[in-house]
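Presented below is the structure to which this report refers.
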Amino acid sequence: MIKLNIKNTTRGQMLGIMFVLPSLAFIIIFGIIPIISSIRYSFTDWDGMTASTFVGFENYLNAFKDEVNRKAIVNTFILSFSVVSLNLTVGFLLANFLSGIKGRLAEAGKVILFIPHILSFAAVGVLFSFIYSSTDLGLLNKVISVFGIEPFPWLGSVYTAMPAVILSHVWKGFGFDMLIYYAGIMSIPVNLLEAADIDGATGWQKIWNVKIPSLKPVTQLLVVLGFVKTMLTFTMVMFLTPDGGPSKSTEVVATWFYKQSFTFWEFGYGTALAIILALLVLVVTVVLRKILREEV
Amino acid sequence: MKKESITFTIIKYFAYGLAIIITLYPLLFMIFTAFKTPVEFARNFWLPSIKGFTLNNFREVWFNYKFYIFFKNSLIASSSATLSVTLLSVFAGYAFARLRFPFSDKVFTVILSVMFLPVFIYIIPLFIQMRGLKLTNSITSLLLVYTFFGLPQAIYIARNFFYTIPSEVSESAMVDGAGHMKVFTRIIIPLSKSAISCIVILNFMGNWGEYIWAVVSNTKDSVKTIPAALSYFTSMSNVFWWYQMAALSIAIVPIVIVYTVFNKYFIQGFVEGAVKG
């Protein structure tokens, strides 16, 4: 037995190293090295073509002065907060409803309502570009024309552009929160709910006093996950409002990063923006975790 | 104990029905319009039509708008990257879970930490790398970067899964004389169907819809993928709606069909992948 172990240990170790090496190579070449490069680039003024000049923290200072960047950061937070709140609410309500039905209707509901989530952001972006189209043929305008209202530029008005972007994200995303909540609700101990019934609790009371508290960990997960994911949104916004929306009301950090980097060819400034975004995400994750933990 | 009023129940079912309609109708509308002639579209906006049925929009989009190229590119890029991620991650995950080797914990942390930085950190340096390797405007560039994008999470899923296989399984096989490789290929992999399908689904879906790297790396039509090609159709473009809907259908319908059939695995894959990510 001992001989077998020694032989297998070293051989196993070598095999282990071999198994991991290709993956490690990918991570180092396309991951670690670019991270270091990004940090380096962020301290330069570079157009990606000609020679770069070292400029220290100038890019980061400019990022604070940059009005569009500041607006983008605010927009990103508005978007993330709204999308997460709506996804949680809609997702929970639908999950709660589905948990009360059995059989085909519930199964079909789960399958259908999850479909938007599996679509690509690009496809959903094009779809909603059509829905929000300012022409009289846009789906939304066609709907309101039934009530006699004139066509409206949904993505062109500073009052509706951001809400429109928010709603597209919610349409695509609520199904995920719904499924996670569904799993959570179904795993609430039955006797907890039965006890509430015996105490004469109404549906709403059961929700407030039993279900939601039991689902705290689920909610915490969905909030952090959803907030970070939405902070990083890029594709959807690019398709809906490629120019950043009326008065840049829908420019987000990711889209501004892209435009600085690949439209204005400011690689130095661009990487600085990306790093700032990464730091923002880190801060938000830590803060959210702290806030949510205290509620328990 | 039905303590709630009938009206409340009606409201609940109505809200549910509304949710289904809001979710489904845009997609149904997309399909209806994709198969409509322009004339029919002007006449009948909301419903499908048999009289005005046409495959012309698809013909136009597939050939003249070159979607046959984009579809091919998306398929090759997504499949090849999914394949490489699955292969690499299953091997690596098993190594981390079962084959103890020096520094395995530290290496695992490094691999995982790459996942926590936003993709934008990598985009510019990767662009510089690919340009230097003369790999911009190539499917290879997509293959390499998509593999990188998918590896950390896949390795995490694989390792966690392999932890759940009792070590008695491989130990008893080794007592019978099987070496590590035999154990791995003959026993462990056949047991790993759920983890593998999870990794395959997450990666294929992610690669199929990936946009920012696709658009930065491949600007020539011959190597564009579907998401990049769809940017012809942003809110600022003026392409006929029936063409847009046909293009969207090509982008969406295959995935939806596969999803409906393999529905169980999809939901499991997304939920697991996200919870673990």
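When the range A:36-66 is filtered for residues that are touching a Phe, Trp or Tyr at 6+ places or on another chain (Cβ under 8 Å), within 14 Å of chain B (Cβ to nearest Cβ) and over 12 Å from A:Gly270 (Cβ atoms), the ones remaining, listed by number, are A:Phe43, A:Met49, A:Ser52. Considering only residues that are away from every other protein chain (no Cβ under 13 Å) and surrounded by fewer than 20 Cβ atoms within 10 Å (Cβ to Cβ), look in the range B:140-172 and name the one that is nearest to B:Asp221 (Cα to Cα). Among them, the one singled out is B:Asn160. The residues of the range B:224-240 that are crowded, with 22+ Cβ neighbours inside 10 Å and among the hydrophobic types (A, V, I, L, M, F, W, C), listed by number, are B:Ile226, B:Ala228, B:Ala229, B:Leu230, B:Phe233.
Here's the yes/no breakdown for (1) buried (at least 17 other Cβ atoms within 10 Å of the Cβ); (2) more than 22 Å from the chain's Cα centre (by Cα); (3) part of a helix (DSSP H, G or I):
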site: A:Ser38; (1), (2), (3): yes, yes, yes
site: A:Val68; (1), (2), (3): no, no, yes
site: A:Val74; (1), (2), (3): no, no, yes
site: A:Val84; (1), (2), (3): yes, no, yes
site: A:Ala95; (1), (2), (3): yes, no, yes
site: A:Leu113; (1), (2), (3): yes, no, yes
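Close contacts from the range B:247-260, counting a first residue that is without any contact (Cβ under 8 Å) to a residue 24 or more places away in the chain and a second that is part of a helix (DSSP H, G or I), with Cβ to Cβ under 6 Å and a gap of 6+ residues or different chains, come to B:Tyr259/A:Ile118; B:Tyr259/B:Phe266. For B:Leu88, the stated conditions hold: it is in contact with a Leu (Cβ under 8 Å, 6 or more places away or on another chain), assigned to a helix (DSSP H, G or I) and hydrophobic (A, V, I, L, M, F, W, C).
The residue of the range A:79-108 that is farthest from the other protein chains (Cβ to nearest Cβ), among those that are in contact (Cβ under 8 Å) with a residue 12 or more places away in the chain and among the small types (Gly, Ala, Ser), is A:Ser82. The residues in the range B:168-194 that are out of contact with any Lys or Arg (no Cβ under 7 Å at 6 or more places or on another chain) and touching a residue at least 60 places away in the same chain (Cβ under 8 Å) can be counted, and the count is 5.
Can you confirm whether the range A:67-78 contains a residue that is at the interface with chain B (Cβ under 8 Å from one of its Cβ atoms) and farther than 18 Å from A:Thr233 by Cβ? Scanning the range A:67-78 turns up no residue that is at the interface with chain B (Cβ under 8 Å from one of its Cβ atoms) and farther than 18 Å from A:Thr233 by Cβ.
Selection over the range B:1-52 of residues that are within 30 Å of A:Ala201 (Cβ to Cβ), of a type in the set (A, V, I, L, M) and facing chain A (nearest Cβ under 8 Å) gives a count of 4. For the range B:40-52, the set of residues classified as outside any loop (DSSP other than H, G, I, E, B) and surrounded by 15 or more Cβ atoms within 10 Å (Cβ to Cβ) consists of B:Glu40, B:Phe41, listed by residue number. Number of residues in the range A:250-269 that are more than 9 Å from chain B (Cβ to nearest Cβ), within 14 Å of A:Met236 (Cβ to Cβ) and not polar (S, T, N, Q): the value is 2. Residues in the range B:128-139 that are assigned to a helix (DSSP H, G or I) and more than 11 Å from every other protein chain (Cβ to nearest Cβ) were compared, and the one that is nearest to B:Val215 (Cα to Cα) is B:Ile139.
Just name the residue that is nearest to A:Leu24 (Cα to Cα) out of those in the range B:79-121 that are among the aromatic types (Phe, Trp, Tyr) and over 20 Å from the mean Cα position of the chain (by Cα). Applying the filter and picking the extreme gives B:Phe108. For the range B:53-61, does any single residue satisfy the condition of being within 9 Å of another protein chain (Cβ to nearest Cβ), crowded, with 17+ Cβ neighbours inside 10 Å, under 18 Å from B:Leu248 (Cβ atoms) and in contact (Cβ under 8 Å) with a residue 24 or more places away in the chain? No, the range B:53-61 contains no residue that is within 9 Å of another protein chain (Cβ to nearest Cβ), crowded, with 17+ Cβ neighbours inside 10 Å, under 18 Å from B:Leu248 (Cβ atoms) and in contact (Cβ under 8 Å) with a residue 24 or more places away in the chain. With respect to B:Lys182, is the statement that it is surrounded by fewer than 23 Cβ atoms within 10 Å (Cβ to Cβ), within 30 Å of A:Phe257 (Cα to Cα) and more than 10 Å from chain A (Cβ to nearest Cβ) true? No, not satisfied. Across the range B:199-218, the qualifying residues are those that are of a type in the set (Phe, Trp, Tyr) and within 18 Å of A:Tyr258 (Cα to Cα), and the one among them that is farthest from the other protein chains (Cβ to nearest Cβ) is B:Trp213.
Does the range A:141-159 include one or more residues that are within 11 Å of chain B (Cβ to nearest Cβ), crowded, with 16+ Cβ neighbours inside 10 Å, touching a helix residue (DSSP H, G or I) at 6+ places or on another chain (Cβ under 8 Å) and part of a helix (DSSP H, G or I)? The answer is no, given that none of the residues of the range A:141-159 is within 11 Å of chain B (Cβ to nearest Cβ), crowded, with 16+ Cβ neighbours inside 10 Å, touching a helix residue (DSSP H, G or I) at 6+ places or on another chain (Cβ under 8 Å) and part of a helix (DSSP H, G or I). Just need a number here: residues in the range A:208-227 that are among the aromatic types (Phe, Trp, Tyr) and more than 19 Å from the chain's Cα centre (by Cα). Here the count works out to 1.
A quick yes/no check of all residues on (1) within 10 Å of another protein chain (Cβ to nearest Cβ); (2) crowded, with 22+ Cβ neighbours inside 10 Å; (3) of a type in the set (Gly, Ala, Ser); (4) closer than 25 Å to B:Thr23 by Cα:
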position	(1), (2), (3), (4)
A:Tyr181	no, yes, no, yes
A:Asn191	no, no, no, no
A:Leu221	yes, no, no, yes
A:Val228	yes, no, no, yes
A:Lys248	no, no, no, no
A:Thr271	yes, yes, no, no
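Every condition in (1) within 8 Å of chain A (Cβ to nearest Cβ); (2) buried (at least 24 other Cβ atoms within 10 Å of the Cβ) holds for B:Pro125 except the one numbered (2).
With respect to the conditions (1) small (Gly, Ala, Ser); (2) under 30 Å from A:Leu222 (Cα atoms); (3) surrounded by fewer than 17 Cβ atoms within 10 Å (Cβ to Cβ), A:Gly91 falls short on a single one, namely (3). Only a single item in (1) over 17 Å from the mean Cα position of the chain (by Cα); (2) surrounded by 23 or more Cβ atoms within 10 Å (Cβ to Cβ); (3) in contact (Cβ under 8 Å) with a residue 60 or more places away in the chain is not met by A:Leu127, and it is number (3). Of the candidates A:Gly226, A:Gly184, A:Gly268, the single residue that is assigned to a helix (DSSP H, G or I), in contact with a strand residue (DSSP E or B) (Cβ under 8 Å, 6 or more places away or on another chain) and not hydrophobic (A, V, I, L, M, F, W, C) is A:Gly268.
Values quoted throughout were computed directly from the atomic coordinates according to the rules given, and no laboratory measurement underlies them. Computed from a predicted structure; not experimentally measured. Positions of Cβ are backbone-derived with ideal geometry, glycine not excepted, and every protein chain shown enters the neighbour counts.
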